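Input: a single structure, listed below in structure tokens.
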Amino acid sequence: MGGSPEPLRALVGDDAWRWSTFQGSRTLVVAARTVTSTVRILECLPALLRGDARVTVVFAHDPTSAFSEGVTDVLHDAGCRVLPWDRLGDIAPDLVLSASENIDVPDGDYPVLVLPHGVGFQKLVPDSRTPRSRLSGAVPDALLDTGRAWLATSHPDQERQLLAAHPKAAGHTLPVGDPCFDELLASRGHAAAYKAALGVAAGQRLVLVSSTWGPTSLLGRAPELPARLLAALPCDEYRVAAVLHPNVWSAHGPWQIRTVQAAALDAGLLLVPPVHAWRSALVAADAVVGDHGSVTLYGAALGKPVLLGAYGSDAVPGTAVAHLARTAPRLDLDGDLGAQLAAALREPSSSASAEVARLAFAEPGRALPRLRAALYRLIGLPEPPGDAPSALVLPPPRAESRDVTSWAVTTSLTGGARPVVDVRRRPAAVSRADGDTARTYAHLACDEAERDRRLTESASVLTAARPASSAAAARRWARDALCRFPGALLAASAVAGGGDGGEVVVGLRDGRAVVVGTREATAPGLAAAVVYTCLRAGLPLETAVTLRLGTRSERCVTVRSASA
């Protein structure tokens with residue numbers, strides 16, 4: 001057996017035994033080749049080895065993948081000691097663990113445990129060793145020939161699929177389940193907290209755009225889709241997040257992604273980082289617009305309404321994702337995106353999602369105990385005493401986002417004892433203001449923080465970036481804003497500490513000012529939209545109306561003259 005101090009000697013020198021605190025008796029090498037596979041190991045390994053100093057873990061970086069960019073950053077951020085791949089021959093591992101099947105394992109008599117880095121074997125990928133494609137997740141026949149490789153699966157159908165493609169894998173599959181899916185299931189009750197962590201307001205729907213990598217992926221075919229969704233969905237009712245496969249980040253880099261998605265980011269896109277956060281973001285989602293990648297399949301198995309915007313020829317027939325492709329509605333990229341999404345949210349998906357989960361994941365909830373038992377059996381140690389590991393609730397997600405600072409606003413007025421003003425706002429970064437119709441009024445509203453001067457100079461409504469200290473200060477700001485931008489008709493500023501609810505002062509081009517009051521804090525742009533509609537409809541500015549944002553929110557709004 002390898003054990004210590006060999007791994008430490010390879011890292012810090014021949015006298016490593018003098019510095020070693022934990023006297024491990026076994027050596028586990030984690031082969032880190034891509035960001036995707038490395039993250040999958042980091043997500044489950046701490047639970048498997050929790051509290052056990054008998055196992056010395058060394059992370060070896062294999063830089064041969066086209067998607068190796070970012071691997072060392074992930075390892076260093078996690079606090080891992082990293083061994084260059086060419087030093088792996090300096091130690092004698094007891095077990096090599098990887099979620100990348102394409103590693104070039106050195107000769108030896110130690111076993112190699114390969115975990116899937118997605119859901120099963122559902123995609124054909126380019127083979128780095130030949131011009132052909134290969135089944136993602138299946139180790140090379142040369143390694144199978146040695147009898148050292150063990151492949152973890154999450155469903156018996158995956159074993160049958162693997163054996164049909166690689167008969168030499170017979171007797172070397174381990175049905176353990178899927179730790180990632182178990183964590184998603186354990187975290188479902190925290191969706192509201194995850195939404196709040198992403199900045200999704202109460203009552204807003206979160207739409208998650210999920211794209212795998214390559215030309216047949218969703219963003220490979222429609223890179224403009226996030227921006228188009230943001231243009232189609234009122235921003236007071238919806239938020240849009242994007243989860244891109246780590247290979248997209250590795251191949252193109254964050255700068256290129258932010259450049260391609262610049263308009264969507266300016267429109268409020270939540271860009272979820274490629275490490276860890278996608279899982280809790282998926283739990284938070286109300287709907288998924290995706291492709292044949294694993295994130296889309298996880299979402300469907302969780303019961304999320306799914307719209308398939310792409311489905312590539314590299315997807316493998318007869319798999320759970322192929323069943324999803326047959327049953328999930330397709331997104332018509334040339335159609336009304338908002339209407340299609342609203343229809344998907346109305347449709348119950350319990351039976352379809354249950355079938356997807358049944359086809360992809362056998363006996364959910366037991367993956368970590370089974371995987372730990374397999375790992376310790378292969379490494380030649382009894383399992384640690386105490387309770388078997390269980391799936392933990394995921395931490396809150398985070399995402400890159402920018403504040404929206406300009407809006408294309410459409411309003412309408414419905415008469416009655418208390419008139420109703422319906423407001424729909426869409427980010428001006430991706431949506432032009434509509435023209436007026438017989439029933440609607442349209443205008444452009446800009447926050448003073450808007451960086452595109454062309455938008456600010458074209459705006460009918462200006463809003464203050466921060467609340468004013470008093471109503472008098474708000475009026476002064478409004479007069480100054482209207483002086484600086486003579487094309488604007490209204491300027492609105494919230495007032496700090498405006499009573500029990502919220503107060504917004506709206507200054508008019510003719511010198512008048514009104515106070516819009518509500519029982520809850522209201523964005524200046526919404527208050528200004530009410531005043532704008534009243535002016536266009538000829539309603540008196542001493543009035544009470546109902547402000548309505550789609551079907552999610554109604555609030556009583558009073559408009560009164562501001563004191564001088």
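Numbers at a glance
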item: The stretch 302-314, subset out of contact with any strand residue (DSSP E or B) (no Cβ under 6 Å at 6 or more places or on another chain) and open to solvent by 10 Å² or more (accessible area, probe 1.4 Å), residue nearest to Gly220 (Cα to Cα); result: Tyr311
item: Those helices (runs of 4 or more DSSP H) lying entirely in the stretch 146-242 with at least 1 residues more than 22 Å from Leu271 (Cβ to Cβ) and open to solvent by 20 Å² or more (accessible area, probe 1.4 Å); result: 156-165, 179-186
item: Hey, Arg50 open to solvent by 50 Å² or more (accessible area, probe 1.4 Å) and not in a loop (DSSP other than H, G, I, E, B) or not; result: no
item: Close pairs (7 angstrom Cβ cut-off, 6 or more residues apart or separate chains): within 25 Å of Val404 (Cα to Cα) in the stretch 520-547, among the aromatic types (Phe, Trp, Tyr) and in a strand (DSSP E or B) anywhere; result: Gly525/Trp407; Tyr532/Tyr441; Thr533/Tyr441
item: Gly511 being modelled with pLDDT under 95 and open to solvent by less than 20 Å² (accessible area, probe 1.4 Å); result: no
item: Looking only at the stretch 380-398, and only at residues there that are in contact with a Pro (Cβ under 8 Å, 6 or more places away or on another chain) and of a type in the set (A, V, I, L, M), the one that is modelled with the highest pLDDT; result: Ala391
item: Subset of the stretch 460-485 (residues that are open to solvent by less than 50 Å² (accessible area, probe 1.4 Å) and not in a loop (DSSP other than H, G, I, E, B)); result: Val461, Leu462, Thr463, Ala468, Ala471, Ala473, Ala474, Arg475, Trp477, Ala478, Ala481, Leu482
item: Members of the stretch 21-63 that are small (Gly, Ala, Ser) and either over 21 Å from Gly386 (Cβ atoms) or out of contact with any Lys or Arg (no Cβ under 7 Å at 6 or more places or on another chain) (or both); result: Ala31, Ala32, Ser37, Ala47, Gly51, Ala53, Ala60
item: Those residues of the stretch 419-447 which are part of a loop (DSSP other than H, G, I, E, B), modelled with pLDDT of 95 or more and not small (Gly, Ala, Ser), in sequence order; result: Val430
item: Positions within the stretch 96-112 being over 15 Å from Thr38 (Cβ atoms), modelled with pLDDT of 85 or more and under 33 Å from the mean Cα position of the chain (by Cα), in sequence order; result: Val112
item: Scope the stretch 245-292; condition touching a strand residue (DSSP E or B) at 6+ places or on another chain (Cβ under 6 Å) and either over 24 Å from Pro305 (Cα atoms) or open to solvent by 10 Å² or more (accessible area, probe 1.4 Å) (or both); matching residues; result: Trp278, Asp286
item: Filter result for Val321 (modelled with pLDDT under 95 and assigned to a helix (DSSP H, G or I)); result: yes
item: Residues within the stretch 490-523 that are closer than 19 Å to Ser458 by Cα, in contact with a helix residue (DSSP H, G or I) (Cβ under 9 Å, 6 or more places away or on another chain) and not in a strand (DSSP E or B), tallied; result: 1
item: Residue list for the stretch 50-70, filter: touching a Pro at 6+ places or on another chain (Cβ under 9 Å), in contact (Cβ under 8 Å) with a residue 60 or more places away in the chain and within 30 Å of Arg366 (Cβ to Cβ); result: Arg50, Gly51, Asp52, Arg54
item: Residues of the stretch 330-346 satisfying the condition of being open to solvent by 70 Å² or more (accessible area, probe 1.4 Å) and either within 23 Å of the chain's Cα centre (by Cα) or free of Cβ contacts under 8 Å to residues at least 40 places away in the same chain (or both); result: Arg330, Asp332, Asp334, Arg346
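Here is a yes/no grid of residues against (1) farther than 23 Å from Thr533 by Cβ; (2) open to solvent by 40 Å² or more (accessible area, probe 1.4 Å):
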{"residue": "Ala362", "(1), (2)": "yes, no"}
{"residue": "Leu378", "(1), (2)": "yes, no"}
{"residue": "Pro385", "(1), (2)": "yes, yes"}
{"residue": "Arg398", "(1), (2)": "yes, yes"}
{"residue": "Gly416", "(1), (2)": "no, yes"}
{"residue": "Val421", "(1), (2)": "no, no"}
{"residue": "Ala429", "(1), (2)": "yes, yes"}
{"residue": "Arg432", "(1), (2)": "no, yes"}
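The values are calculated or read from the model by the stated rules, or taken from the named source; none is laboratory data. The structure presented is a predicted model; accordingly, all values stated were derived computationally and were not measured. Don't worry about glycine lacking a Cβ; one is built from the backbone with ideal geometry, like all the others, and counts go over all protein chains shown. Calculation scope for accessible area: heavy atoms of the full protein, side chains included, ligands and nucleic acids excluded. Shrake-Rupley method; radii C 1.70, N 1.55, O 1.52, S 1.80 Å.
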